[in-house]
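The values are calculated or read from the model by the stated rules, or taken from the named source; none is laboratory data. This one's a predicted model, so the numbers in the text were calculated from it and none came from an experiment. Heads up, the Cβs are rebuilt from the backbone with ideal geometry, glycines too, and the neighbour counts pull from every protein chain shown. These accessible areas exclude ligands, DNA and RNA; they are computed on the full protein's heavy atoms, side chains included. Shrake-Rupley method; radii C 1.70, N 1.55, O 1.52, S 1.80 Å.
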Amino acid sequence: MIYTTSQQEALDYRGGNLLIIACAGSGKTQVLSRRIALLVSEGVPKESIIAFTFTDMAAGELKSRIRKELASLREEGRIDDASLGEIYIGTIHSFSLQLLKEIHPSYRNYDIIDEKRQAAIIVSKYLDFGLDKLQGANSKIETIRRFIETLNIIYRENLDVDNFKNQDLINSVHQYQNFIKQRPNCFLTFDEIIAELTSVIESNEAIRAQVQNRFTNIFVDEYQDTNLVQETILEMLSEKDNNTLFTVGDVKQSIYRFRQARPDLFLRRNEKYHNEEEGVSIELRDNFRSAPGVLCFTNYVFSRLMERDFGGVDYNEETALRAGEGGPMLEDKETSELLFFVKDSVQTLEEAPEDVLTETALITKRIQELIEEGYHYGDIVILLRSGAGRMEPMAEFLEKNGIPVSCENKTGYFHTREITIILNYLSVVDNVYQDIPMASVMLSSIGGFTEEELTKLRILVREPMREQYTLYDLMCLYLQEGAEEELRAKIQHFYKDLQYFREQKKEQPLGVLLWDIYQRTGFYYDVQLMPDGAKRKENLLMLLKKAEDYEKTVFKGLFYFNRYMEQLKSYEIEMGEAGSGTENENVVKIMTIHKSKGLEFPVVFVSGLSKKFNRMDLTKPMLCHPELGIGMECVNITLRFHHPSLMKKAIQEKVW
């Protein structure tokens, strides 16, 4: 492969720390993977190399690239072993937990608790944690959200909860901490993992020296999205003289400030390296991904929007995107387009449902034109700032107009037909005297009953005694007295399976029971014959994984799992639908801008640009700022009113 002058400089530099300022499409992943492979060929031990990525998906891509480069070097005779060996490639949280388990035996039984599992535990232990005492006039949902936010701030800012003035909050935090650290299932959140590792390394000089001697080459991708706590870990790992920190990123692409990312850390390091202190900065400006027309439009927009005080960098000729010489897109004549529609009323900026459909109609028309021009549906993606209220109506409209579409619904998992039916079946396996779940299952492909047949069961008993009989009672009665042989045979088959699973629930682990239900009833195969069958199958597999994970906690049994799922539904804690496996299929994709990070599409629609900025976060009772600190509401209990404190007002002004 032929590298540009800047890329080659980044590959060859061995004089210390290196910061790569890599614009979009500049080949930074190629440079990163090639440099790691070259270090291995120079005799650097594989176990001394760490490569931090922002997501597991990015880690998988980087592993694939490094394997390819190692294989190339082996073909050249420069190395014998092309395997990754003990090179660590993954997120900083996974690395920190792995290292924590190695250097401190007491953490070997711990596992990561993600946001969904954390929320589920808090929902199920709401009263045990004493959250009802913190609820006040708020809803349970809002109380849970505030409690989770408080926990995150405690660990992110390393606060001592015992110094809080609210004793009920202190008690709730301690109850939560005690629960998640109970053996045999101990958990740490992402913020806790970093905080615990930092504490262990800082407090023990021997461990600190051991870690620094072990890891001598540290690579960081998407460095602009690093937060202050992660930066502390990087500093600890790289502060030894012979250790090298190789960071890659672009402050113009920082989109995770809402997750406490600190792009100013990138700017500070760049400024320090420009002054030839501790390292060197190299800029990769050539874009090999996009057509010149797209780059021109992007430069036009951001040169008028982005400056040092708003975005962290002056967007000028020195920082603007430019087409790479000899790149595959250099001769492409495609450019950017603006699609407008005029609202009937301009009195409000609030978005109405009809606006979404009107905008989708414009996109639909343009997609149809692109298909006629020779593009494929799989070439096209529609990006949204937020999928809420837009993704489903857009997908439905496109499908009605003959355009195949795929989107990941983040709020519809529990409302999908297949999950509703299976959860209802689990409910009646646990307790047969529940008419609504029973009717749902009987009318599905599992039961195969018709509404007319359910009516025949109902009229088997006369009024007023009818209400005293459940559907289960009526099935048992019909088996004894029913006149129609076909209906009796159908009931007998359904009843036999139901009794079988009721026996199995006492003996089988939850995951085994659920898979047995999928197979014995044939429901797992039935859903694959429905529209969007691949996604429905993945939804069932996601539920199976959820059941298996649940069994690993301190809770056991079908009753508690059913209760757990009901609480997730009632408290609106959604898991999002499974991916449909359509990544390589010829369908139009709809996804959020955040979800699209790192992906490439020939045609990109950015929808919903007329929506107002979401300022809801600024109305939260407690705001946190990396420099100003914490701002809260002032509450006058006597006069029963509250107002933002001066600190909260200052944070609101600073953030907005």
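Some points to look at:
- Within the range 410-431, the set of residues being open to solvent by less than 20 Å² (accessible area, probe 1.4 Å) and either within 27 Å of Gly387 (Cβ to Cβ) or modelled with pLDDT under 90 (or both) comprises Gly412, Tyr413, Phe414, Thr416, Glu418, Ile419, Ile421, Ile422, Leu423.
- For the range 67-117, the set of residues classified as outside any helix (DSSP H, G or I), acidic (Asp, Glu) and closer than 26 Å to Glu222 by Cβ consists of Glu86, Asp111, Asp114, listed by residue number.
- The condition (being of a type in the set (Phe, Trp, Tyr) and over 30 Å from Pro602 (Cβ atoms)) is satisfied by just one residue among Phe190, Phe288: Phe190.
- Among (1) open to solvent by 30 Å² or more (accessible area, probe 1.4 Å); (2) closer than 30 Å to Lys552 by Cα - the single one Ile87 does not satisfy: (1)
- Unique match (being among the charged types (D, E, K, R), in contact with a Phe, Trp or Tyr (Cβ under 7 Å, 6 or more places away or on another chain) and touching a residue at least 24 places away in the same chain (Cβ under 8 Å)) among Lys535, Lys490: Lys490
- Residue within the range 293-300 that is farther than 23 Å from Thr53 by Cα, in a loop (DSSP other than H, G, I, E, B), open to solvent by less than 50 Å² (accessible area, probe 1.4 Å) and at pLDDT 80 or above present: no
- Across the range 113-134, the number of residues qualifying as at negative phi, in contact (Cβ under 8 Å) with a residue 24 or more places away in the chain and open to solvent by less than 40 Å² (accessible area, probe 1.4 Å) comes to 11.
- Residue check, Asp264 part of a helix (DSSP H, G or I), of a type in the set (Asp, Glu) and farther than 28 Å from Asp12 by Cα: no
- Residues of the range 135-147 satisfying the condition of being open to solvent by 30 Å² or more (accessible area, probe 1.4 Å) and in a helix (DSSP H, G or I): Gln135, Lys140, Ile141, Glu142, Arg145, Arg146
- Flag for Ser96 being out of contact with any strand residue (DSSP E or B) (no Cβ under 7 Å at 6 or more places or on another chain), open to solvent by less than 20 Å² (accessible area, probe 1.4 Å), hydroxyl-bearing (Ser, Thr, Tyr) and within 24 Å of Ala37 (Cα to Cα): yes
- Flag if Glu538 is assigned to a helix (DSSP H, G or I), at pLDDT 85 or above and either touching a strand residue (DSSP E or B) at 6+ places or on another chain (Cβ under 9 Å) or among the charged types (D, E, K, R) (or both): yes
- Filter pass, Phe179 being of a type in the set (Phe, Trp, Tyr), farther than 29 Å from Met236 by Cα and buried (at least 18 other Cβ atoms within 10 Å of the Cβ): no
- Inclusion of Leu609 among residues that are open to solvent by 90 Å² or more (accessible area, probe 1.4 Å) and either closer than 30 Å to Phe340 by Cβ or touching a His at 6+ places or on another chain (Cβ under 9 Å) (or both) is warranted.
- Condition check for Thr521: surrounded by 19 or more Cβ atoms within 10 Å (Cβ to Cβ), touching a residue at least 12 places away in the same chain (Cβ under 8 Å) and within 30 Å of Ile593 (Cβ to Cβ): no
- For first residues located in the range 373-392 and over 13 Å from Ser607 (Cα atoms) and in a loop (DSSP other than H, G, I, E, B), partners that are open to solvent by 50 Å² or more (accessible area, probe 1.4 Å) and modelled with pLDDT of 80 or more and lie 6+ apart or on another chain with Cβ distances below 9 Å form the pairs Tyr375/Pro602; His376/Asn586; His376/Pro602.
- Hey, Leu628 farther than 26 Å from Thr55 by Cα, surrounded by 12 or more Cβ atoms within 10 Å (Cβ to Cβ) and over 28 Å from the mean Cα position of the chain (by Cα) or not: yes
- Pairs, first closer than 15 Å to Arg117 by Cα in the range 135-150, second part of a helix (DSSP H, G or I), C-beta under 6 Å, six or more apart: Ile144/Ile122
- Positions within the range 236-271 being among the hydroxyl-bearing types (Ser, Thr, Tyr) and open to solvent by 10 Å² or more (accessible area, probe 1.4 Å), in sequence order: Ser238, Thr244, Ser254, Tyr256
- For the range 16-34, a residue qualifies if it is open to solvent by less than 10 Å² (accessible area, probe 1.4 Å), under 15 Å from Asn217 (Cα atoms) and of a type outside the set (A, V, I, L, M), and exactly one does: Ser33.
- Of the residues making up the range 214-237, those that are of a type in the set (S, T, N, Q), in contact (Cβ under 8 Å) with a residue 40 or more places away in the chain and part of a helix (DSSP H, G or I) are Gln224, Gln230.
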